[in-house]
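Read through the structure below, which is laid out as structure tokens, and then see the notes.
The values are calculated or read from the model by the stated rules, or taken from the named source; none is laboratory data. Keep in mind that this is a model prediction, so the values were computed, not measured. Neighbour counts are summed over all protein chains in view; Cβ atoms, including those assigned to glycine, are modelled from backbone coordinates with ideal geometry. For the accessible areas, the whole protein counts, side chains as well, though only heavy atoms, and no ligand, DNA or RNA atoms are used. Shrake-Rupley method; radii C 1.70, N 1.55, O 1.52, S 1.80 Å.
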Amino acid sequence: ETGVTQTPRHLVMGMTNKKSLKCEQHLGHNAMYWYKQSAKKPLELMFVYSLEERVENNSVPSRFSPECPNSSHLFLHLHTLQPEDSALYLCASSHDQGQARSGYTFGSGTRLTVV
Amino acid sequence: GENVEQHPSTLSVQEGDSAVIKCTYSDSASNYFPWYKQELGKGPQLIIDIRSNVGEKKDQRIAVTLNKTAKHFSLHITETQPEDSAVYFCAATDSGGYQKVTFGTGTKLQVIP
């Protein structure tokens, strides 16, 4: 257990479904991130929240919608996904925006399969 | 923007041997270089990092070296053990206000008992 908890661990959804991924951290970190991990590709940054404010949206399709209600929780709402969105979605947190102070703490990820 | 290249993509070593993974970066403004280890079914875990004002850092069997002039940094694992088998990622962080992070594509290390 790293201190960053993601649920669910696995998710299979149809292209017309709506689902949400949840991330929770109680490390006292001020920044939280969503990353997408696909086979043979570098980790892709999707969203960054610093002190509950979105500071980065890396040209992510609107079918992905993040929400950060407080500094401990982060959600990723999914709707009308495509099969190519199947991947491991990782949540991370850090003391401050960026990681120059102490790196990221990652959760174990949600393995998403879109059918 | 920053570009990080990582080699090799796969590496097999005998238990007890050393393993070396190399990364190059393009942005001379990058000043923080972490390494992450990702075991099967888990997220990446920070194992060691180095800042641009340091040339080498060691933590037990793991060491990282940085050559700012050549813009490359390397991870060295000595006396490898089966539990070192994992995917290793390097990353570079720039010094701008946002501190953008760029990851390498990963190296799958297999330690053969």
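Every listed requirement among (1) under 16 Å from residue B:43 (Cα atoms); (2) surrounded by fewer than 17 Cβ atoms within 10 Å (Cβ to Cβ); (3) at pLDDT 90 or above is met by residue A:88 save one, (2). Against the test of being within 14 Å of another protein chain (Cβ to nearest Cβ), touching a His at 6+ places or on another chain (Cβ under 9 Å) and open to solvent by less than 50 Å² (accessible area, probe 1.4 Å), the options B:32, B:25 yield a single qualifying residue, B:25.
Among the residues of the range B:90-113, those that are within 13 Å of the chain's Cα centre (by Cα) and part of a loop (DSSP other than H, G, I, E, B) comprise B:104, B:105, B:106. Restricted to the range A:50-67, and to residues there that are open to solvent by 20 Å² or more (accessible area, probe 1.4 Å) and in contact with a Phe, Trp or Tyr (Cβ under 9 Å, 6 or more places away or on another chain), the residue that is nearest to residue B:102 (Cα to Cα) is A:58.
Hey, could you check the range A:91-115 for residues that are outside any strand (DSSP E or B) and open to solvent by 20 Å² or more (accessible area, probe 1.4 Å) and say which is modelled with the highest pLDDT? By that ranking, first place goes to A:108. Applying the set (1) open to solvent by less than 50 Å² (accessible area, probe 1.4 Å); (2) not in a loop (DSSP other than H, G, I, E, B) to residue B:5 leaves exactly one unmet item: (1).
Figure legend. Inter-residue proximity from the range A:26-45: first residues free of Cβ contacts under 8 Å to residues at least 24 places away in the same chain, second residues part of a loop (DSSP other than H, G, I, E, B) and open to solvent by less than 50 Å² (accessible area, probe 1.4 Å), beta-carbon distance below 8 Å, spacing 6+ or different chains. Indicated pairs: A:42/B:104; A:42/B:106; A:44/A:38. Say we look at the range A:11-37 and pick out the residues that are part of a strand (DSSP E or B) and closer than 25 Å to residue B:104 by Cα; which of these is nearest to the chain's Cα centre (by Cα)? Going through the qualifying residues, I end up with A:34. Among the residues of the range A:73-85, the ones that are within 18 Å of residue A:20 (Cβ to Cβ) and either open to solvent by less than 30 Å² (accessible area, probe 1.4 Å) or of a type in the set (D, E, K, R) (or both) come to 5 in all.
Scanning the range A:8-26 for residues that are open to solvent by less than 70 Å² (accessible area, probe 1.4 Å) and in contact with a Gly (Cβ under 9 Å, 6 or more places away or on another chain) returns A:23, A:24, A:25. In the range B:86-113, the residues that are farther than 17 Å from residue B:24 by Cα and surrounded by fewer than 24 Cβ atoms within 10 Å (Cβ to Cβ) reach residues that are of a type in the set (D, E, K, R) and modelled with pLDDT under 95 with C-beta atoms within less than 8 angstrom, at least six apart or across chains, in these pairs: B:98/A:56. Listed by first and then second residue, the pairs with beta-carbon distance under 6 Å, at least 6 apart or on different chains, first residue in the range B:6-17 and closer than 12 Å to residue B:110 by Cβ, second open to solvent by 80 Å² or more (accessible area, probe 1.4 Å), are B:10/B:108; B:12/B:110; B:15/B:113.
Looking only at residues in the range A:32-49 that are at the interface with chain B (Cβ under 10 Å from one of its Cβ atoms) and over 18 Å from residue A:114 (Cα atoms), the one that is surrounded by the fewest Cβ atoms within 10 Å (Cβ to Cβ) is A:40.
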